[in-house]
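The values are calculated or read from the model by the stated rules, or taken from the named source; none is laboratory data. The shown structure was predicted, so the numbers you read here are calculated from the model rather than taken from an experiment. Quick reminder, even Gly has a Cβ in these numbers, built from the backbone with ideal geometry, and neighbours come from all protein chains shown.
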Amino acid sequence: MAKISYQNLTEERDQLKEILSKEHRILQDISPDLVKLLGERNMQIHSDEWKKFGNSFYYFSTEQKTWSEARQDCRDRGADLVIINSEEEQVRRTERSLLDWIGLSDAEKEGVWKWVDGSPLTIKFWKSGEPNNDFGNENCAAFSPLSEKNKAWNDLDIAGWTCEFTPVFPRIYN
């Protein structure tokens, strides 16, 4: 059995204090930049372009692009294509009158639908007869507003899009 000495404990405490002191200095150095970035993000999502629902913020495009182009636009905004996590979020989509890309694709493997965060599709809101991979090149899902609220997804080749941003620290954005 190892014998713990007072000297060893004192040395370890001193090392931990030094590490804590270094980490504290690093945190102080990056804090102004972090506050600036959070402030910029706060201004961006509180603009008229972003709408809050639950803990997330949504950007609704006014143009049409391919799914990949739409996803890149979302990433450029610090967000990603929307992931539909609940029936409430799906119903909320019915307020929009355009076809919109959502963050769902089977581009990796036909018929295996995954969200942009890599999670598998569990809750489904496909239109009747969809997905059908019409013309062999429909690998991405879009919300179709002219459908029943719980049967509104279609696989398409071009549409508008919705970006979703969920803050890590949601209280900052209230």
Worksheet, complete the sentence: With criteria (1) closer than 18 Å to residue 60 by Cα; (2) modelled with pLDDT of 85 or more; (3) in contact with a strand residue (DSSP E or B) (Cβ under 6 Å, 6 or more places away or on another chain); (4) surrounded by fewer than 21 Cβ atoms within 10 Å (Cβ to Cβ), residue 79 comes up short on (4)
Practice prompt. Answer yes or no: is there a residue in segment 29-40 that is more than 28 Å from residue 139 (Cβ to Cβ), β-branched (Val, Ile, Thr), modelled with pLDDT under 85 and not in a helix (DSSP H, G or I).
Written response: no
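So that you can scan it fast, the table gives a plain yes or no per residue for (1) more than 18 Å from the chain's Cα centre (by Cα); (2) farther than 25 Å from residue 56 by Cβ; (3) modelled with pLDDT of 65 or more:
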| residue | (1), (2), (3) |
| --- | --- |
| 122 | no, no, yes |
| 126 | yes, no, yes |
| 132 | yes, yes, yes |
| 138 | yes, yes, yes |
| 142 | no, no, yes |
| 150 | yes, no, no |
| 166 | no, no, yes |
| 171 | no, no, no |
Item to complete: Test each condition in (1) at pLDDT 85 or above; (2) surrounded by fewer than 11 Cβ atoms within 10 Å (Cβ to Cβ); (3) within 18 Å of residue 162 (Cα to Cα) for residue 19 and report the one that comes out false.
Response: (3)
Worksheet item: Considering only segment 83-102, how many residues are modelled with pLDDT of 90 or more and closer than 16 Å to residue 144 by Cβ?
Response: 0
Worksheet item: Any idea which residue in segment 41-61 is modelled with the lowest pLDDT, counting only those that are touching a strand residue (DSSP E or B) at 6+ places or on another chain (Cβ under 7 Å) and among the hydroxyl-bearing types (Ser, Thr, Tyr)?
Response: 56
Worksheet item: For segment 103-117, does any single residue satisfy the condition of being at pLDDT below 90, part of a loop (DSSP other than H, G, I, E, B) and of a type in the set (A, V, I, L, M, F, W, C)?
Response: yes
